[in-house]
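To start, the structure under review is shown below, and the notes come after it.
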């Protein structure tokens, strides 16, 4: 019993000392974290002495550069995520909705497929079909034509031509 008490006493004293060493290391790390190591390696970016005297026209040259260097943004396009696997899955789910005659849901999934894979021929064709089923003939015509631009001899080319002819006949009436 005495041995057990002595062992517990020694164990408690050791744990007390160990806890104090851990807290000292933690406080040292906290102190180091508050100090920046970049103070020793600062880079001076101020202009050299007599720079304005040595280069008197430099401010006007930089000012002219700022006015004429406006970027040309006429060819900038919107960035979109490109995920062909997600687009393929959206087309599959759209096919499911189309077979169930839920054309609004199918149209949403086909349009989402076009978001993830722009100019996807199959999704474009199916968007045209859904637009036609929902009664938006102008959008259907636009998407049928777009499909034919992407794949003029594609698997749905004949059907797209037939649909365009049908839409043209309906507009003539």
| query | Residue separation times 0.36 nm, minus the C-alpha to C-alpha distance between residue 119 and residue 166: what's the value? | reply | 14.5 nm
| Could you state the number of Å between the C-alpha centres of the range 114-153 and the range 91-107? | 14
| query | Want the number for residue 158 to residue 96: 0.36 nm per residue separation, take away the alpha-carbon distance, what's left? | reply | 20.0 nm
| note | the range 84-172: Kirkwood hydrodynamic radius (Cα pairs, Å) comes out at 12.8
| field | Extension gain, residue 105 back to residue 44 (0.36 nm per residue minus Cα-Cα distance, nm) | value | 15.9 nm
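Values in this text are rule-based calculations from the coordinates and carry no lab data. None of these values were measured; they are calculated from a predicted model.
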